[in-house]
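This report concerns only the one structure given below.
The values are calculated or read from the model by the stated rules, or taken from the named source; none is laboratory data. Computed from a predicted structure; not experimentally measured. Methodologically, a virtual Cβ is constructed for each residue, glycine included, from the backbone with ideal geometry; neighbour enumeration extends over all protein chains shown. All accessible areas refer to the heavy atoms of the entire protein, side chains included, with ligands and DNA or RNA removed. Shrake-Rupley method; radii C 1.70, N 1.55, O 1.52, S 1.80 Å.
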Amino acid sequence: LGFDRSASPRLPLVVLQNKMYAWESELAGQVAAKLDWVRAIGAVAAFTFLTCHHEFSNRSGVPHYWMPFGVDTRLYGQHAGEFGPAAQPFDVGFTGASGSKYPMREAILRTITALNVSAYLGTWSQAMLNRADARSWKPLSRKAYAAQLARTKIWVSTTGPKNIVGTRFFEVLASGTTLLLCNRPPAKVLQSSPWVYDGLFEDGVHAVLFDGLDDLPSKILRFLRDEPARRRIVAAAVALARSRHS
């Protein structure tokens, strides 16, 4: 733990649980071992980024609470209100991990590429390529990344392992320029984890959810054609990010 527990026996110990999932391609440890550990060290509570907090509480006997990510609204909202062709030359954007670990994201990339839209796309597999390769893409600095978000009308983001709602969701919400278009978890997922987006934002108010790949193209094209509706949702999203997620 980094300190002498016996010297501070009455100090309440609260743990932040990270990587509470198991993937063959990622060294994340075992969930059961982490839950045993948090109980063994006498923690009074724990936080997790995942919406499995109820499950973790039941399995460990230690109350676990959901702690969603937040966002620096000053950094990611510095271009708020910058609309129009010159300010937003890209229609759709997506960056992040893809590959066999994320089959839906691979399919989303293919879907966007097939549309007649201006797209900004980058994946971690492209980041591994030599810069001389035409397919190469390199992650941007935080400032440049915030500017790229602002230059894009719609940004597609999906939940991660165990339905984690990652930082990108909140960065797009805070942009004040860009519509967040994200996946609606399947009904089977919502039966076991109904809290995926609970309390974070509302569909059609602060963001737009798409129901699978068949629904994605129509949602993209709809909000590219309806600029007033896109800006209305963007305005509600940035207000929400500043009041609740900063």
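Just a few scattered comments:
- The simple Förster model, with R0 at 45 Å and r as the Cβ-Cβ distance, assigns residue 106 and residue 7 a FRET efficiency of 0.30.
- Extension gain, residue 114 to residue 226, is 38.2 nm, computed as 0.36 nm per intervening residue step minus the present C-alpha separation.
- DSSP beta bridges in the chain [antiparallel fraction, %, rounded to 5]: 5
- Relative to the current alpha-carbon distance between residue 187 and residue 246, full extension at 0.36 nm per residue lengthens the span by 18.3 nm.
- Rounded to 10°, Cα long-axis angle of helix 216-225 versus longest principal axis of the chain: 50
- Acute angle (nearest 10 degrees) that the helix 31-40 long axis makes with the longest principal axis of the chain, alpha-carbon atoms: 40
- Cβ-Cβ FRET estimate between residue 143 and residue 18, R0 fixed at 25 Å, reported to 0.05: 0.45
- Average accessible area per residue (Å²) across segment 167-235 - probe 1.4 Å, nucleic acids and ligands excluded: 44
- Relative to the Cα centre, the charge distribution of the chain, modelled as +1 at Lys and Arg Cβ and -1 at Asp and Glu Cβ, gives a dipole magnitude of about 400 debye.
- Packing rank of 160-173, 109-122, where each peptide gets the mean count of other beta carbons within 10 Å, highest leading: 160-173, 109-122
- Cα gyration tensor, segment 164-246 - rounded (a/c under 1.5), prolate or oblate: oblate
- Among the lysines of the chain, pairs at least eight places apart or on separate chains and with Cα atoms under 19 Å apart come to 8.
- Test item: Cα-centred dipole of segment 187-246, Lys/Arg +1 and Asp/Glu -1 on Cβ, debye: 280
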